[in-house]
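Dropping the structure in here first, questions after.
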Amino acid sequence: MRLQNLTIENRTIGPKERPLLIAEVSANHDRNLDQALALVDIAADAGWDCLKLQTYTADTLTIRSSHQSMKIDPIWGSPTLYDLYKGAAMPMEFHQPLFERARERGLIPFTSIYDPRDLDFIETLDCPMYKIASFEMTFDDLLATTAQTGKPIILSTGMATLTEIDHALEVLDKNNSATIILLHCCSSYPAPLDSINLSAMTEIGNRCKRLVGFSDHTIGSIAPLTAAAMGAVAIEKHYTNDPTRDGPDHRFSATPEIMRDIAKGVDDIMALRGSPTKQTTQAEMVNKSIGRRSAFAIADIKKGQKITSDLFRFIRPNAGIPASDPTALQEKYALCYIPKGTPIRYEDIS
């Protein structure tokens, strides 16, 4: 099955295209519009393609509760899930100016949707596609409602089993979803390299027969660049202007320098990947002529003289009859004088 390319706002996404680079703002806006707008510029200046927001409130994700299950690791800077999401949620009024700034800077803006009730609002922004986060991929109502918009969907698969991925795709397909891109993901923040298992990305794509990419939560650039080399059609990464800032996501987010390194590295990888056609490249032409062996006279050969094995050797450079065609010299006679140290060419013998 040949996977179909996807076009979003004149940007083609597919196996032979440069990976779509998705700059994930996450909670790094710090609920400050100037900070959020600065992040838009960082993504654009670094050479990324998309700006991705997250649309939720604490009340769309959870409820206030003192139940033990609501308590979280102090590393997140909040005592409970509700407190975490309340502090991390981006104000709804930020969406419009961020979408506008992104488009001004040549970025494609879109968002992760967490609650079907927010879709009407996001649709007013002319959002070209939707992301469904790993934590929400088992929320069937969200899958169904988002699919019914007819917009392309990027679905992260962190924590998922193949059965869960199959189920999510079934729900999306039943609700007339447009093209779906699956993102392989390890939902650990930050994710250690030995947990990434990028071979699973390829397996998911082959098994599900969908476009596949990588949502990265590692520190540094090696994981996303490896994913690009392995054929990821999209790469998503959290980023910040300062990983030492207060806030739940800054500590595992990429710096502007790393974002630039990834964009440049992806360009280099695309050049390295090239095409599936195996042929002599222009860069190899000189060395092919110098380094391959061919027949050279090791003694003067008179016109009419029979070519015998003591009169030639196959040596470098590749200026005469190639060493891959030794039978061409058998039972042959010189049509002209061939001086010692010169190549023996096809037109020199009969």
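The values are calculated or read from the model by the stated rules, or taken from the named source; none is laboratory data. Every value quoted in this text rests on a predicted model; they were computed, and no experiment measured them. Methodologically, a virtual Cβ is constructed for each residue, glycine included, from the backbone with ideal geometry; neighbour enumeration extends over all protein chains shown. With ligands, DNA and RNA removed, areas are computed over all heavy atoms of the protein, side chains included. Shrake-Rupley method; radii C 1.70, N 1.55, O 1.52, S 1.80 Å.
Would you check which residues across the range 169-192 are surrounded by fewer than 17 Cβ atoms within 10 Å (Cβ to Cβ) and either hydroxyl-bearing (Ser, Thr, Tyr) or under 17 Å from the mean Cα position of the chain (by Cα) (or both) and list them?
SER187, SER188, TYR189
Next question, about the same structure. Let me spell it out: the conditions are (1) farther than 12 Å from TYR346 by Cβ; (2) open to solvent by 50 Å² or more (accessible area, probe 1.4 Å), and LYS332 meets all of them except one. Which number is the exception?
(1)
Then there is this: Name the single residue that is surrounded by the most Cβ atoms within 10 Å (Cβ to Cβ) among those in the range 219-234 being in a loop (DSSP other than H, G, I, E, B) and among the small types (Gly, Ala, Ser).
That would be ALA232.
Search the range 53-67 for residues being small (Gly, Ala, Ser) and not in a helix (DSSP H, G or I), and hand back the single one that is surrounded by the fewest Cβ atoms within 10 Å (Cβ to Cβ).
Per the stated criteria, the residue is SER66.
Name the residues in the range 57-86 that are among the charged types (D, E, K, R) and either in contact (Cβ under 8 Å) with a residue 60 or more places away in the chain or farther than 19 Å from HIS250 by Cα (or both), would you?
ASP59, ARG64, LYS71, listed by residue number.
Out of (1) within 22 Å of the chain's Cα centre (by Cα); (2) closer than 26 Å to GLY247 by Cα, the odd one out for LEU98 is which?
The number of the failed condition is (1).
Under the condition of being within 22 Å of LYS151 (Cα to Cα) and of a type in the set (D, E, K, R), which residue from the range 193-218 is most open to solvent (accessible area, probe 1.4 Å)?
Only one residue fits best here, namely LYS209.
Restricting to the range 189-241, what's the tally of residues that are free of Cβ contacts under 8 Å to residues at least 40 places away in the same chain, closer than 17 Å to PRO19 by Cβ and among the acidic types (Asp, Glu)?
Going through the range 189-241 one residue at a time, the tally reaches 1.
Tell me, yes or no, whether the range 268-275 has at least one residue that is within 27 Å of the chain's Cα centre (by Cα), in contact (Cβ under 8 Å) with a residue 60 or more places away in the chain and open to solvent by less than 70 Å² (accessible area, probe 1.4 Å). Please lay out each step first, then the result.
Residues of the range 268-275 within 27 Å of the chain's Cα centre (by Cα): 268-275.
Those still in the list that are in contact (Cβ under 8 Å) with a residue 60 or more places away in the chain too: 270.
Narrowing further to those that are open to solvent by less than 70 Å² (accessible area, probe 1.4 Å): 270.
Yes, the range 268-275 has at least one match.
Suppose we filter GLU93, GLU104, GLU136 for residues that are closer than 16 Å to GLU9 by Cα and either open to solvent by less than 30 Å² (accessible area, probe 1.4 Å) or charged (D, E, K, R) (or both); which single one remains?
GLU104
Please give the number of the condition PRO276 fails out of (1) assigned to a helix (DSSP H, G or I); (2) closer than 27 Å to LEU20 by Cα; (3) not aliphatic (A, V, I, L, M).
That leaves (1) as the condition not met.
Listed here are the residues, each with its yes/no results for (1) open to solvent by 50 Å² or more (accessible area, probe 1.4 Å); (2) touching a helix residue (DSSP H, G or I) at 6+ places or on another chain (Cβ under 9 Å); (3) free of Cβ contacts under 8 Å to residues at least 40 places away in the same chain; (4) not in a helix (DSSP H, G or I).
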position	(1), (2), (3), (4)
GLU257	yes, no, yes, no
ASP261	yes, yes, no, no
LYS264	yes, no, no, no
ALA283	yes, no, yes, no
ILE290	yes, no, yes, no
ALA295	no, yes, no, yes
ALA299	no, yes, no, yes
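Answer with yes or no whether ARG11 is in contact with an Asp or Glu (Cβ under 9 Å, 6 or more places away or on another chain) and of a type outside the set (Phe, Trp, Tyr).
Working: in contact with an Asp or Glu (Cβ under 9 Å, 6 or more places away or on another chain): yes; of a type outside the set (Phe, Trp, Tyr): yes.
Yes; evaluated as a whole, the condition is true for this residue.
Quick test of your reading of the structure: LYS237 fulfils all but one of (1) open to solvent by less than 70 Å² (accessible area, probe 1.4 Å); (2) part of a helix (DSSP H, G or I). Name the failing condition by number.
Exception for LYS237: condition (2).
Something else now. Given the criteria more than 25 Å from VAL266 (Cβ to Cβ) and open to solvent by 60 Å² or more (accessible area, probe 1.4 Å), does ILE72 qualify?
On the way: more than 25 Å from VAL266 (Cβ to Cβ): yes; open to solvent by 60 Å² or more (accessible area, probe 1.4 Å): no.
Taking the combined requirement at face value, the residue does not satisfy it.
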